[in-house]
Amino acid sequence: MKVHIRHWRMVITIGLLLSITLSGFAYAALGDRLLGRGSKGSEVTELQKKLVQLGYTVGTVDGKYGSKTEAAIRRFQKEHGLRVDGLAGTQTIKELKRLTGQSTNASGKAVGYKNIDTNLLARAVNAEARGEPYIGQVAVAAVILNRIADPAFPKTVADIVYQPRAFSSVDDGQINLPPSASAIRAAQEAVTGSDPSGGALFFFNPAKTSNKYIWSRPQIKQIGNHMFTK
């Protein structure tokens, strides 16, 4: 009888330990382990939500790392200069967290995501940087947001975009075209704080303009066909 009781106590103990282990596995924080095809759990759910937030398609947000999640990770890695292996490792997750972080006040308290007209921003990116590399599209969106933060410019995306003679795409009507998927992602990424332009306030195509004013601006860098300047 005593042997029988000890046997069941051992079974129950092992069951509890296994339950605790699996619970910890299921609720691990994003970044605690390498995620890849076949991974499951709350970290995968969080990963999928961050990808969706940036405009990537993952199918159903179900906590299962399948082919669509892997494809989204590969695309994210390619567009952000990361090693393209389809695995959500340390660097990939770090970049995802950086791009989906919340705005904070001076004390570091999260205050929610920036209230920006991302649709108009995406249309501006599409109109001004269609055909440019993805990082160049993010940079164009960042320029518009940098202007909002500068006292010399208006304070909304609409006022920046529609400022007279500010963007040729407004004059020729291209601003009204529906934005591409990459333009939408680029706008969303810039809103989260990404700025490949290096703080630029202007951009132009050196091959298409001889404007003395724009050429006189301090140049920061060139991305694709655009030169970004202060």
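The values are calculated or read from the model by the stated rules, or taken from the named source; none is laboratory data. Note that this is a predicted model, so its numbers are computed, not measured. Positions of Cβ are generated from backbone atoms using ideal geometry, with glycine treated the same way; all protein chains shown enter the neighbour counts. Accessible surface areas use protein heavy atoms only, side chains included; no ligands, DNA or RNA. Shrake-Rupley method; radii C 1.70, N 1.55, O 1.52, S 1.80 Å.
Could you give the size of the charge dipole of the range 123-229 about its Cα centre, using +1 on the Cβ of each K and R and -1 on the Cβ of each D and E, expressed in debye and rounded to the nearest 20?
Magnitude of the dipole: close to 180 debye.
Only sites in a loop by DSSP and with at most 15 other Cβ atoms within 10 Å count here; which trypsin sites (Lys or Arg not before Pro) in the range 154-205 make the cut?
Working: sites: LYS155, ARG165, ARG185; in loops: LYS155, ARG165.
Passing sites in the range 154-205 are LYS155, ARG165.
For ILE223, what residues show an amide H to amide H distance below 5 Å, using hydrogens built from the backbone and excluding near sequence neighbours?
Residues meeting the amide H criterion: PHE228.
Could you provide, to the nearest whole Å², the per residue accessible area of the range 123-229 with probe 1.4 Å?
Numbers: 4940 Å² over 107 residues.
With the other protein chains kept in place, the range 123-229 gives 46 Å² per residue.
How high is the relative contact order of the range 123-229, in percent, with contacts defined as C-alpha pairs under 8 Å that are six or more residues apart?
35 percent
Step through the table entries LYS49/LYS94; LYS155/LYS212; LYS78/LYS230; LYS68/LYS221, compare each Cα-Cα distance with 23 Å, and write down the pairs that go over it. Write down the numbers at each step before the final one.
Details: LYS49/LYS94 15 Å; LYS155/LYS212 26 Å; LYS78/LYS230 28 Å; LYS68/LYS221 35 Å.
Distance filter (> 23 Å) returns LYS155/LYS212; LYS78/LYS230; LYS68/LYS221.
Ordered by packing density, taken as the mean number of other Cβ atoms within 10 Å over each peptide's residues, highest first, how do 206-214, 190-198 rank?
On the way: 206-214: 9.9, 190-198: 20.2.
Ranked by mean Cβ neighbours within 10 Å, highest first: 190-198, 206-214.
Projecting each Cα onto the charge dipole of the range 136-230 (Lys/Arg +1, Asp/Glu -1 at the beta carbon, about the Cα centre), which of PHE167, ASN211, ILE223 comes out farthest on the positive side?
ASN211
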